[in-house]
Amino acid sequence: METPQYVVAHLRRALAEDPRTCELGIHVTIRGEVVVLGGEVSSVERKQAMETVIREQLPTARIHNDVHVTLPCAPEGTENLSAPERS
């Protein structure tokens with residue numbers, strides 16, 4: 001069996017290269033027999049797709065999907081980018 005760090009690298013690569021996910025910022029760890037996913041995505045569908053990709057790579061693994069869905073929203077107010085005047 002492969003060592004956990006090689007399995008983690010394989011899973012991270014699968015998440016990055018699969019067109020359903022294309023995720024680079026997801027944390028993948030292995031704790032005993034459990035694959036733990038962490039990070040943030042922009043939709044529930046993408047969160048579920050990550051679990052699907054992992055399941056395809058490791059069909060018998062237990063998966064703990066601790067990825068949070070953060071909905072994008074427009075910023076409030078305006079930002080002043082001009083330099084303050086000097087006295």
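The values are calculated or read from the model by the stated rules, or taken from the named source; none is laboratory data. As the structure is a computational prediction, the values presented were derived from the model and not from experiment. Positions of Cβ are backbone-derived with ideal geometry, glycine not excepted, and every protein chain shown enters the neighbour counts. For accessibility, only protein heavy atoms count, side chains too; no ligands or nucleic acids. Shrake-Rupley method; radii C 1.70, N 1.55, O 1.52, S 1.80 Å.
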Here the gain from full extension of C22 to A9, 0.36 nm per residue of separation minus their alpha-carbon distance, amounts to 3.2 nm
How far is it, in nm, from the label point at Q48 to the one at T29 when both lie 7 Å from their Cα along the line to the Cβ? 2.7
Compute the signed sum of charges (Lys and Arg +1, Asp and Glu -1) over the other residues within less than 12 Å, Cβ to Cβ, of T52. 0
Distance in nm between pseudo-label sites at C73 and Q57 (7 Å out along the Cβ direction from Cα): 3.3
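Any idea of the accessible area per residue across the range 14-87, 1.4 Å probe, to the nearest Å²?
Details: 5580 Å² over 74 residues.
It amounts to 75 Å² per residue over the range 14-87.
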Given springs between every Cα pair under 10 Å in a Gaussian network model of the chain, which of L15, L37, L24 has the largest fluctuation? L24
Mind checking the angle between helix 44-57 and the chain's longest principal axis? C-alpha axes, 0 to 90 degrees, to the nearest 10. 30
Scan of the chain for trypsin sites (Lys or Arg not before Pro) in DSSP loops with at most 14 other beta-carbon atoms within 10 Å gives a longest site-free stretch of 21-85
Can you tally the net charge around C22? Count Lys and Arg as +1, Asp and Glu as -1, for every other residue whose Cβ sits under 14 Å from the Cβ of C22. +1
Candidates per GluC sites (Glu not before Pro) in the chain, loop by DSSP, up to 14 other Cβ within 10 Å: E2, E33, E76, E79, E85
Rounded, prolate or oblate: which fits the range 46-87, taking a ≥ b ≥ c as square roots of the Cα gyration tensor eigenvalues, rounded meaning a/c under 1.5, else prolate when a/b beats b/c? prolate
Return one number: the angle in degrees, 0 to 90 and rounded to the nearest 10, between the long axis of the Cα atoms of helix 4-17 and the longest principal axis of the Cα atoms of the chain. 60
The relative contact order of the chain, taking Cα pairs under 8 Å that sit 6 or more residues apart, comes to a percentage of 26
Can you compute the label reach from E2? Point 7 Å from Cα along the Cβ direction, backbone N cut-off under 13 Å, restricted to the range 56-74. 56-59
Run lengths n ≥ 4 of DSSP H only: what is the helix-derived mean residue ellipticity at 222 nm for the chain, with -39500 (n - 2.57) per run over all residues, to the nearest 500? -10500 deg cm²/dmol
Might you work out the accessible area of C73 for me, using a 1.4 Å probe with all protein chains in place, and round it to the nearest 10 Å²? 110
Hey, of [x] 69, 26, 22; [y] 46, 27, 21; [z] 34, 22, 21, which did the structure itself give for Cα extents along the principal axes in Å when calculated? [x]
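If we count every other residue with Cβ under 14 angstrom of A9's Cβ, Lys/Arg +1 and Asp/Glu -1, where does the sum land?
Details: positive: R12, R13; negative: E2, E17.
Computed value for this residue: 0.
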